[in-house]
Amino acid sequence: MKDEDLSVFLALNSLKQFDGNLIAALRLRSIAPSDLMSSPSLLREFTNSEKAMERWYEVLSSGWHLRELESCKKKGIKILVFNEEGYPSSLNRLSNPPLLLYWWGRLEGIKKFAVAVVGTRRCSNYGRRIAHMLGFKVAEEGFPVVSGGAFGIDEKAHRGALKAQGVTIAVFGTGVDQCYPSKNLPLFDEIKESGALISEYPLGTKGMPWNFPERNRIIAGLSDVVVIVEAPIKSGAMITGRIAMECGIETWSVPGRIDEGVAKGSNLIIFDGAYPLVDVDSFIHLIKGSPEGFLIGKKEDKAEELPPEEKQIYEMLREKGDRTVDNIAGECKISPALALEMLGKLESRGLVATTGPGRWGIRF
Amino acid sequence: MSCIYGLTLRGIDALPVEVEVCLTGGLFSISIVGLADTAIKESRERVRISLGTLGIKLKGHISVNLAPADLPKEGALLDLPIAVGIAKEVGFIPEGVNGIFMGELALDGRLRKVRGGVPAAFLARQLGLPLFVPWGNVADVSMVQEVEAYGCSNIGELFCHLRGEKTLQKLDFTLPQAKEIAVEPDFADIKGQAAAKRGLEIAAAGHHNVFLVGAPGSGKTMLAKALRGILPPLSDDELIEAMRIRSARGLPLETDRFRPFRSVHHTSSAVAICGGGIDLKPGELSLAHRGVLFLDEITEFRRDVIEALRQPLEDGCITVSRASGSATYPASVLLIAACNPCPCGYLGDTVKECTCSPGDIDRYFKKLSGPILDRIDLHLQIPRLTPEELLELDSDAENSSAIRYRVMRARSIQLERWRHFGIKCNAELTERIMKKYLGLSKDGRAFLKSIGASLRLTGRGLSRVLKVARTIADLAGDKAVKDSHLAEALAYRGGFSFER
C-alpha cells in the first residue's frame with residue numbers, strides 16, 4: 001500500500017469511529033483513500049458524528065497522520081490495514097475488526113494457529129504456575145501465544161513462552177510505544193525480539209480504562225484457542241472468553257477452587273460451555289490434533305536421574321503441591337537439616353523454588 | 001583546704017573529679033563551682049542535713065571547687081565526696097584520708113545507689129586508690145578485679161571507718177555464675193518451624209546476623225526471642241564489657257549470664273540506637289553488646305537509622321561524635337531483623353490473597369540497601385502455618401538447652417581454628433582468610449562450581465553461603481566443608497521474590 005493511503009487510514013483510525021467494516025463500505029461506493037484526501041467531506045456519508053468530522057478536518061490540516069506514519073517508520077512499527085496484505089485474516093471473525101493494527105516486532109506467527117492465555121492480574125500462585133506451564137508448553141510445540149501485557153497470568157504466559165524460545169504476542173490497550181505497566185519493560189523488550197507487541201491505538205495513547213475491554217476482542221480474534229486460567233466474574237479475561245464463545249472460537253478454562261473469588265468466573269465459563277482444561281499435556285495433544293486424542297500423553301520424568309533422597313522429596317512436592325520444611329521432614333521421615341540440604345541441591349538443579357515465605361514447590 | 005576524689009560519668013567511662021573544700025570565716029553558706037549541674041548544686045542541702053545527723057554543725061563560708069573546672073559534671077553521685085571533703089576540712093576525719101567516693105546522700109545520712117559502679121571500679125584500679133560506694137553498688141563494683149573497694153550503707157559507718165574506729169570489710173571479687181534458668185520462650189514451645197529453628201541454631205553457632213521474613217502471626221518475634229536461650233553464656237570478659245555499659249546507663253545488673261537482648265521499636269531515632277546526646281550516652285546498639293539486637297518491622301524504620309547500622313555491624317564498635325566531644329562504644333551484636341514479605345503481609349500465603357501491587361512491594365524493600373543486606377548472612381523465611389498443618393505436627397521438639405550444647409561445641413571449634421587470626425566466629429571471616437583457610441573438600445569445590453552459574457550468585461552472595469556452610473560443618477563437627485553443607489547453606493540464601 002502506498003504511504004499516502006496508509007496515512008489516510010491512520011487518520012481515519014485516530015477518529016476512533018470506524019472499524020474494518022469501513023473498508024467494505026468505501027469499496028461499495030468506490031471511494032479510494034486518495035479521494036478522501038482530496039475531498040475530505042466525503043467522510044460525512046459514513047458518520048453522523050459532528051465531533052468526528054471536526055477531528056477529521058483537524059487531523060488532515062495539522063498533518064498529524066503524516067507525522068504518525070513518519071514516527072512509525074522510524075521505530076520500525078508496521079501498519080497492517082484491514083483486508084490488506086499481512087492483516088491477520090483471523091480477525092475477520094469479529095463483528096468489529098480493527099481498521100488497522102500497529103505491529104511492533106516480527107510478523108511471523110500471524111498465519112499460524114495461535115493460543116490465547118488470559119487471566120486476572122491478582123491471581124493465585126496456582127494460577128501463575130499454570131499460566132507459566134501453558135505458555136511454555138504451547139510455545140514449545142511451535143504455536144504462538146497471545147495475551148495482554150498485565151502482571152499476573154499475562155506476564156507468566158509470556159515468560160513461559162519466552163522460556164521455550166517460542167513466539168509470543170502481547171496485545172496492548174495503549175499505544176504500542178507505551179510501556180504499561182512500566183515494570184514489565186524488560187519483558188516487552190524480550191517479546192519484541194521474538195514475537196510482537198500490537199495495538200490498534202495511535203502511538204502515545206495512554207491506558208484508558210475503556211480501551212482494555214475493546215482490546216480483548218483482538219486477543220480473542222487473533223487466536224484459534226482461548227484459555228482462561230483464572231478470572232473473577234468481573235474481569236477482562238471473562239470479556240475475552242465471552243467474545244471468543246460468541247465468535248465460535250474454541251474456549252477452554254482451567255478449573256479452580258469453587259470457594260475462591262479469583263476462580264469464580266473461570267469456573268462459571270465452564271458451566272456456560274467452555275472446555276475444562278484438566279490436563280495440560282492432553283490439551284496440547286488435542287490442539288495438535290494428534291491421534292492420541294484425550295489420552296494423558298507420555299511424560300518426560302525429571303525425577304528419574306535424581307539420587308534417592310532428592311527424588312523422594314521432588315516426587316512428594318509434585319504430588320502434594322507446596323510444602324513447608326516441617327511437612328517435608330515429617331513426611332519423608334528425615335531431619336529438617338537434611339531436608340534443607342536436599343532442597344538446596346534440588347534448587348541448584350532448577351527443579352524446586354520457594355513459592356512463598358518458607359514454602360517450597362516444584363518449578364516448571 | 002582539703003582535697004579528695006569523686007568522679008563523673010562520660011559515656012561509659014568514669015572521669016576523676018578533685019573535690020576541694022575551703023572554709024573561711026563569715027556567715028554560713030556553701031557555694032559549689034566547677035560546671036556542676038542542678039543536681040549537684042542542690043546537694044548542699046543534702047550534705048548539710050546529713051552531716052548534721054552526725055552532730056557536725058557547719059559554720060562560716062564553705063567553698064567547694066570541682067576540678068578540672070572545664071569538665072561538665074553531673075549527677076548526685078558527687079554528694080558523698082563533697083560531704084567527706086567538708087568533714088575533712090572541719091577536722092572530723094583525719095588529714096591523711098584519701099580515696100574515691102561516690103554516692104547520693106539521703107537526709108538521714110543513708111547512702112543511695114547511683115549509676116556507674118563498674119566504670120568507677122575501673123577508675124579506682126587505674127588510679128590505685130580505695131573506692132567507697134553505697135551498699136547498693138556493691139554487686140557491680142565487685143565485678144572488677146584488683147580494686148580495693150568498700151561498701152557502706154550510711155555516712156556514719158563510712159566516717160567510723162575513716163577515723164579508724166571500726167573497719168569496713170573489703171569487698172571480694174565475685175562474678176555472677178551461669179545459672180540454668182529457662183528462657184521464655186523455649187524452642188520446645190514453638191510448634192513446627194523446623195527450618196527457622198535450624199537457621200537460628202546456625203546463627204547462634206557462627207554469630208551470623210539473621211533476617212526473618214514471614215507473614216504476620218507466623219511467629220517471627222517468638223523465634224527471635226527464643227534465640228537468646230540457645231546462645232552460649234557470657235564469658236568473664238564479655239560479662240564485664242556488657243556490665244560496664246549497663247552500669248553506666250543505670251540499668252539493673254543481670255544476675256545470670258544470659259546475653260543481653262534488646263528489642264527496638266521502629267519509631268526509635270538514630271541517636272537512641274547508636275548513642276549520643278549532650279553527655280554522649282551509649283545507645284541500644286551498645287546495650288546489646290555481646291548479645292542480640294532485634295529490629296522488628298525493619299522496613300518501617302527510618303532509612304537513616306538503618307544505614308547508621310552499617311559501620312558498627314562491620315567493626316563491632318561505634319564512634320559517636322558531638323559538639324561536646326566524641327566517644328567510642330563497643331557494639332558487637334547479633335542483629336535480627338524481621339519484616340513481612342510485602343506491605344499487606346500475605347505475599348505467597350496459601351490462604352489469604354496478597355493485595356499489593358508489584359510497585360508496592362518494590363517500595364517496601366527499597367529501604368533495605370545492598371550494604372545492609374550484605375551484612376546479614378542468614379535469610380530465613382517463616383511460613384504461616386494453616387490450622388490443619390499446626391494440628392498435624394508432632395510436638396516432640398528439642399528444647400533450648402540441648403541446642404545450646406551443640407552451639408557451644410561449635411563455638412569452641414571455631415575459637416580454636418581462628419585463634420591465630422584474632423577472630424572468634426565464622427561471621428567475622430574476611431574474604432582473604434576464607435579464600436585460603438576455609439577448608440573446602442573436593443566435592444564441595446565441584447558443587448560450588450556447578451551452582452555458581454545456575455543460581456547466579458554474586459561475589460558477596462557466594463561468600464555468605466561459604467560462611468554459613470562453614471558453620472554448618474562446625475555444627476556437624478566436620479573438618480572440611482562438603483557439598484552437603486553448601487547445599488544446606490543455599491537454602492538460607494533467601495531473597496524476596498518467590499517463584500509464583
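Tabulated data for the structure shown
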| read-out | value |
| --- | --- |
| Cα-based Rg of the protein assembly as shown normalised by 2.2 N^0.38 Å, two decimals | 1.34 |
| Backbone N under 18 Å from the B:Ala39 label point (7 Å along Cα→Cβ), restricted to the stretch B:92-126 | B:101-107, B:110-121 |
| Rounded D (µm²/s) - the stretch B:2-162, Kirkwood Rh over Cα pairs, Stokes-Einstein at 20 °C, 1.002 mPa s | 140 |
| Label-point gap, in nm, between B:Lys479 and B:Ser31 - each point 7 angstrom along Cα→Cβ | 7.8 |
| Spread of Cα-to-Cα distances over 10 Å intervals beginning at zero, given as percent, for the stretch A:115-288 | 12, 44, 36, 8, 0 |
| In sequence order, calculated HN-Hα J values of the stretch A:172-183 (Karplus, 6.51, -1.76, 1.60; Hz; x Gly/Pro) | 9, x, 10, x, 5, 7, 8, 10, 9, x, 5, 5 |
| Theoretical FRET efficiency, 1/(1+(r/R0)^6), r = Cβ-Cβ of B:Arg310 and B:Gln145, R0 41 Å, to 0.05 | 0.70 |
| Cα gyration tensor shape of the stretch A:3-76, rounded if a/c is under 1.5, else prolate or oblate by comparing a/b with b/c | prolate |
| The stretch B:194-308: mean projected area of Cα convex hull, nm² | 8.0 |
| The stretch A:219-346 - percent relative contact order, Cα under 8 Å, separation 6 or more | 16 |
| Beta bridges by DSSP in the stretch A:36-177, antiparallel share as percent, to the nearest 5 | 45 |
| Once exposed loop GluC sites (Glu not before Pro) are cut out (DSSP; at most 13 other Cβ, 10 Å), longest piece of chain A | A:109-291 |
| Taking the C-alpha atoms of chain B, convex hull volume expressed per residue in Å³ | 169 |
| Lys, Arg +1 and Asp, Glu -1 on Cβ, resulting dipole of the protein assembly as shown about Cα centre, debye, nearest 20 | 1040 |
| Helix-only mean residue ellipticity at 222 nm for chain B, each DSSP H run of n ≥ 4 adding -39500 (n - 2.57), per residue, nearest 500 | -10500 deg cm²/dmol |
| Longest DSSP-loop-exposure-free segment, GluC sites (Glu not before Pro), chain B, at most 10 other Cβ within 10 Å | B:181-500 |
| Estimated FRET transfer efficiency (B:Tyr405, B:Leu127; beta-carbon r; R0 51 Å; 0.05) | 0.75 |
| Residue order, fewest to most surrounding Cβ atoms within 10 angstrom, among B:Thr355, A:Thr240, B:Thr221 | B:Thr355, B:Thr221, A:Thr240 |
| Amide H partners (placed H, <5 Å) of B:Gly348, local residues excluded | B:Cys354 |
| Computed lengthening from B:Asp236 to B:Arg163, 0.36 nm per intervening residue step minus Cα-Cα distance | 22.6 nm |
| Cα centre as origin, Lys/Arg/Asp/Glu Cβ charges: chain B dipole, Debye | 980 |
| Ranked list, fewest to most other Cβ atoms within 10 Å of each Cβ, for B:Leu251, B:Leu231, B:Leu373, B:Leu27 | B:Leu27, B:Leu251, B:Leu373, B:Leu231 |
| Order of A:Met37, A:Met238 - criterion: other Cβ atoms within 10 Å of each residue's Cβ, fewest first | A:Met37, A:Met238 |
| Pairwise label distance in nanometres, A:Ser61 with B:Glu398, each label 7 Å out on the Cα-Cβ vector | 8.5 |
| Where Rh is the Kirkwood radius over Cα pairs, Rg/Rh for the stretch B:187-237 | 0.99 |
| Antiparallel DSSP beta bridges within the protein assembly as shown, as percent of all bridges there, nearest 5 | 45 |
| Under-5 Å amide H pairs with B:Leu440, H placed in peptide plane, nonlocal only | B:Val481 |
| Length added when fully stretched, A:Arg257-A:Glu70, from 0.36 nm per residue minus Cα-Cα | 62.3 nm |
| Chain lengthening between A:Glu305 and A:Ala24 when straightened (0.36 nm per residue, less Cα-Cα) | 95.1 nm |
| Amide hydrogen neighbours beyond the local backbone of B:Cys152, cut-off 5 Å, H modeled | B:Val133, B:Trp135 |
| Of the DSSP H helices in chain B, those whose Cα atoms cover at least 20 Å axially and whose Kyte score averages 0.0 or more | B:459-476 |
| Cα-based Rg of the stretch A:42-86 normalised by 2.2 N^0.38 Å, two decimals | 1.44 |
| FRET E, pair B:Leu253, B:Ser454, Förster distance 35 Å, beta-carbon r, rounded to 0.05 | 0.10 |
| Counting DSSP beta bridges with both ends in chain B, the antiparallel % (nearest 5) | 45 |
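Since every read-out is calculated from the coordinates, none of them should be taken as a lab result. Note that the structure is predicted; figures quoted are calculated from it, not measured. Note: ideal-geometry Cβ built from the backbone for every residue, glycine included; neighbour counts use all protein chains shown.
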